[in-house]
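Some notes on the structure that comes next.
The values are calculated or read from the model by the stated rules, or taken from the named source; none is laboratory data. Keep in mind the model is a prediction, meaning the values are calculated, not measured. Cβ sites come from the backbone with ideal geometry, for glycine too, and all protein chains shown count toward neighbours.
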2 protein chains.
Amino acid sequence: MSEFRLDPTTREWVVIATERARRPHDFVVRAGRVAQPAFLADCPFCPGNEAQTTTERAAYIDPATGRWRVRVVDNKYPAVKAGGSTMRRHEHPFALSLDGVGSHEVVIETPLHNRHFAQFSDDEAFDVVRAFRDRLRVLSVREDVRQVIIFKNHGPTAGTSLEHPHSQVVTTPVVPWHRRHHYDVAIRHFDEEGINLYADLLQFELDQHVRIVAESDGFVELHPYASRRPFETWIVPRLARSSLAGVPDDELREFGTMLRDSLNVLQNVLNDPDYNFILYTVPTGDEDEPYYSWHVRIYPRLTAVAGFEIGSGIHINTSLPEETALFMREFRTINGMPGRSEQDG
Amino acid sequence: MSEFRLDPTTREWVVIATERARRPHDFVVRAGRVAQPAFLADCPFCPGNEAQTTTERAAYIDPATGRWRVRVVDNKYPAVKAGGSTMRRHEHPFALSLDGVGSHEVVIETPLHNRHFAQFSDDEAFDVVRAFRDRLRVLSVREDVRQVIIFKNHGPTAGTSLEHPHSQVVTTPVVPWHRRHHYDVAIRHFDEEGINLYADLLQFELDQHVRIVAESDGFVELHPYASRRPFETWIVPRLARSSLAGVPDDELREFGTMLRDSLNVLQNVLNDPDYNFILYTVPTGDEDEPYYSWHVRIYPRLTAVAGFEIGSGIHINTSLPEETALFMREFRTINGMPGRSEQDG
């Protein structure tokens with residue numbers, strides 16, 4: 001019989017649908033991607049085409065060559081942009097609006113058109129997550145920013161059409177309702193238990209040790225108890241800091257490597273599925289609050305979100321996180337990858 | 001500049017992204033579907049293959065021929081099923097679960113493998129929505145049912161692989177968190193204003209009259225102010241009843257026709273896009289409460305839900321509901337369809 005499980009970070013139920021359960025290897029993507037060249041003349045993100053992008057917000061330069069390794073530019077078709085007002089317009093009680101004010105930036109992760117995060121060196125991965133942190137620091141102090149959403153869309157079903165590897169940093173002038181609830185759950189846990197929710201949850205997962213994929217000195221990779229989707233993956237720091245903005249370089253480098261490894265295993269095991277990853281961090285102004293821990297959630301796009309999910313908010317997950325985590329651990333063990341869980345084998 | 005708009009039924013923001021705005025006709029689906037035969041020997045939903053389906057829960061018979069027009073059967077791979085307990089298992093504060101108990105039914109909408117809701121006669125459409133209401137009535141009184149989710153997935157990106165036209169009725173032993181919030185907004189509105197939220201909202205939309213697509217004696221079709229997706233469509237009854245279970249036959253027949261017309265226009269205008277529709281009705285036990293109005297929401301799958309949406313809960317809509325509603329009204333006017341808005345032309 002299937003099982004409803006409660007996500008302790010959102011208090012939402014998910015259905016772990018064992019009746020329709022598919023084994024981990026059933027999720028392997030059938031169709032391969034079209035191979036891409038290292039450089040494409042008409043790609044706006046490829047070196048030499050810098051003039052085709054809009055305002056450059058940051059660049060990480062290779063000291064040896066003087067060339068950029070990572071560039072941050074404004075999105076050419078921004079969802080939000082600078083120059084508006086955060087004043088609400090009350091046209092009617094049922095028509096409340098405000099300007100789409102903020103910043104919508106694209107992180108061009110590499111000069112190479114065909115080099116994906118999953119293949120990055122430690123240095124390359126560090127460059128990208130450092131760009132996330134640095135942009136978060138700059139954007140968080142702006143008057144028109146209440147929340148910074150950092151994410152990556154990999155592949156067409158995950159919402160991207162541009163092949164050149166990139167991620168995005170979007171600010172909102174409001175704390176999204178969905179996020180506010182997510183933080184409220186963490187605040188309530190802190191109020192009631194006096195312990196950071198994520199530190200507490202991480203200890204639970206480490207104690208149970210059936211959904212852990214990998215561990216390093218500073219981070220744990222796991223498939224959460226109430227996974228919404230097959231192979232949903234979280235990377236959680238052992239030291240709970242409320243914001244990514246406060247993470248020092250050495251810790252950030254370790255995180256970049258762990259994220260790269262996680263995406264690399266995903267690519268190898270499931271034949272390069274589309275995915276999104278989202279970086280969770282506190283709203284601006286709460287950086288010194290003790291209730292939250294920044295972390296990343298990776299959502300491979302292996303199954304469709306259908307009417308039941310849209311209408312109920314409850315996701316039906318046709319895999320068991322305990323099984324998928326084991327599957328990933330075993331792949332790592334067989335391939336001698338670092339960071340495998342100590343209690344294995 | 002884009003605009004944030006607040007959905008008055010969920011208090012969630014959406015971004016109406018005018019910078020990336022696409023005209024209504026830009027959403028026309030390029031690839032057509034593979035034509036299907038009227039009958040397929042190996043389709044479990046086609047007549048003659050009734051033995052391939054599981055328990056039949058209801059059948060609507062044609063009195064002239066004695067053959068079924070609509071059948072309701074248990075889903076072969078149910079997300080939930082009868083026989084479990086609603087008792088919670090508290091394995092740990094972070095591992096709360098219960099049995100996947102309930103009912104997961106499939107409404108086989110027609111004996112014809114290739115006849116879609118958009119092409120149904122008034123009688124056929126009535127049969128299907130009557131099946132929804134009748135199953136809701138039966139399921140609502142069960143001890144293990146707190147919510148009934150009625151929905152349709154049309155096409156692969158909307159989550160269905162089975163071609164034979166069908167929709168689904170799934171019960172949950174909990175009120176989903178997402179739905180609970182949605183009802184709370186309506187309750188609060190009733191508490192504060194003393195008026196049903198949906199009746200009040202409908203009056204606002206009728207007064208503004210820029211997002212109305214069609215009207216009939218009993219129903220209004222509109223593209224809501226804070227549409228999450230291009231061509232999101234709501235059909236709202238003028239008379240606010242909390243539950244679909246209480247709708248009499250004549251009103252239900254009118255609803256079926258309006259839903260058919262809406263899906264027909266969608267199919268014609270956008271070249272048969274994938275879509276989901278979801279029927280909203282109160283949790284079981286609240287049928288006599290005055291705060292809610294049952295209604296349907298149609299979500300064409302024209303754009304991908306990407307990392308920003310997953311991470312923030314804010315949808316970026318690249319069309320203006322005022323423009324898409326006008327586009328639909330004009331199509332109806334040109335084609336002399338009934339139910340077009342009286343204030344047009």
Those residues of the stretch A:181-203 which are free of Cβ contacts under 8 Å to residues at least 12 places away in the same chain and either in contact with a Pro (Cβ under 8 Å, 6 or more places away or on another chain) or among the polar types (S, T, N, Q) (or both) amount to A:Gln203
Matching residues in the stretch B:228-284 (in contact with a helix residue (DSSP H, G or I) (Cβ under 9 Å, 6 or more places away or on another chain), of a type outside the set (Gly, Ala, Ser) and in a loop (DSSP other than H, G, I, E, B)) number 15
Note on the stretch B:61-83: residues free of Cβ contacts under 8 Å to residues at least 40 places away in the same chain and under 18 Å from B:Asp134 (Cβ atoms) are B:Ile61, B:Asp62, B:Pro63, B:Arg71, B:Val73, B:Asp74
Flagged pairs (Cβ under 8 angstrom, 6 or more apart or on separate chains; first in the stretch B:160-178, without any contact (Cβ under 8 Å) to a residue 24 or more places away in the chain; second aliphatic (A, V, I, L, M) and in a loop (DSSP other than H, G, I, E, B)) are B:Thr160/A:Ala306; B:His178/A:Ile314
Of (1) within 30 Å of B:Val148 (Cα to Cα); (2) within 13 Å of chain B (Cβ to nearest Cβ), A:Ile278 satisfies every one except (1)
Counting only residues that are within 19 Å of the chain's Cα centre (by Cα) and more than 9 Å from chain B (Cβ to nearest Cβ), the stretch A:200-231 contains a total of 19
Picking from A:Glu221, A:Glu254, A:Glu193, the residue that is buried (at least 22 other Cβ atoms within 10 Å of the Cβ), modelled with pLDDT of 95 or more and acidic (Asp, Glu) would be A:Glu221
Within the stretch A:168-183, of all residues that are at the interface with chain B (Cβ under 8 Å from one of its Cβ atoms) and more than 25 Å from B:Trp177 (Cα to Cα), the one surrounded by the most Cβ atoms within 10 Å (Cβ to Cβ) is A:Val170
Inset, instruction - Report whether or not B:Ala186 is within 9 Å of chain A (Cβ to nearest Cβ), surrounded by 20 or more Cβ atoms within 10 Å (Cβ to Cβ) and of a type in the set (A, V, I, L, M, F, W, C). - result: no
Scanning the stretch B:305-338 residue by residue, those within 13 Å of chain A (Cβ to nearest Cβ) and part of a helix (DSSP H, G or I) turn out to be B:Gly307, B:Phe308, B:Glu309, B:Ile310, B:Gly311, B:Ser312, B:Pro321, B:Glu322
- Among the residues of the stretch A:250-265, is there at least one that is under 16 Å from A:Ala199 (Cβ atoms) and under 15 Å from the mean Cα position of the chain (by Cα)? no
Across (1) without any contact (Cβ under 8 Å) to a residue 40 or more places away in the chain; (2) crowded, with 22+ Cβ neighbours inside 10 Å; (3) away from chain A (no Cβ under 14 Å), B:Gly100 clears everything bar (3)
If we keep only residues of the stretch A:11-52 that are within 14 Å of another protein chain (Cβ to nearest Cβ) and assigned to a loop (DSSP other than H, G, I, E, B), then the residue surrounded by the fewest Cβ atoms within 10 Å (Cβ to Cβ) is A:Arg30
When every residue in the stretch B:59-87 that is among the hydrophobic types (A, V, I, L, M, F, W, C) and surrounded by fewer than 17 Cβ atoms within 10 Å (Cβ to Cβ) is compared, the one nearest to the other protein chains (Cβ to nearest Cβ) is B:Ala82
Restricted to the stretch B:305-342 and to residues being touching a helix residue (DSSP H, G or I) at 6+ places or on another chain (Cβ under 9 Å) and of a type in the set (Phe, Trp, Tyr), the residue surrounded by the fewest Cβ atoms within 10 Å (Cβ to Cβ) is B:Phe331
Filter result for A:Ala79 (among the small types (Gly, Ala, Ser), out of contact with any Lys or Arg (no Cβ under 6 Å at 6 or more places or on another chain) and farther than 25 Å from B:Ser2 by Cα): no
Within the stretch A:216-242, the count of residues that are touching a Phe, Trp or Tyr at 6+ places or on another chain (Cβ under 6 Å) and among the small types (Gly, Ala, Ser) comes to 2
Those residues of the stretch A:197-227 which are in a loop (DSSP other than H, G, I, E, B) and either under 18 Å from A:Leu266 (Cα atoms) or in contact with a helix residue (DSSP H, G or I) (Cβ under 9 Å, 6 or more places away or on another chain) (or both) amount to A:Val210, A:Arg211, A:Ser216, A:Asp217, A:Gly218, A:His223, A:Pro224, A:Tyr225, A:Ala226, A:Ser227
Counting only residues in the stretch B:141-167 that are within 23 Å of A:Arg301 (Cα to Cα) and facing chain A (nearest Cβ under 8 Å), the one surrounded by the most Cβ atoms within 10 Å (Cβ to Cβ) is identified as B:Lys152
- Quick check: anything in the stretch A:289-304 part of a loop (DSSP other than H, G, I, E, B), more than 10 Å from chain B (Cβ to nearest Cβ) and surrounded by fewer than 20 Cβ atoms within 10 Å (Cβ to Cβ)? yes
Picking from B:Thr55, B:Thr110, the residue that is in contact (Cβ under 8 Å) with a residue 24 or more places away in the chain and either away from chain A (no Cβ under 14 Å) or crowded, with 19+ Cβ neighbours inside 10 Å (or both) would be B:Thr110
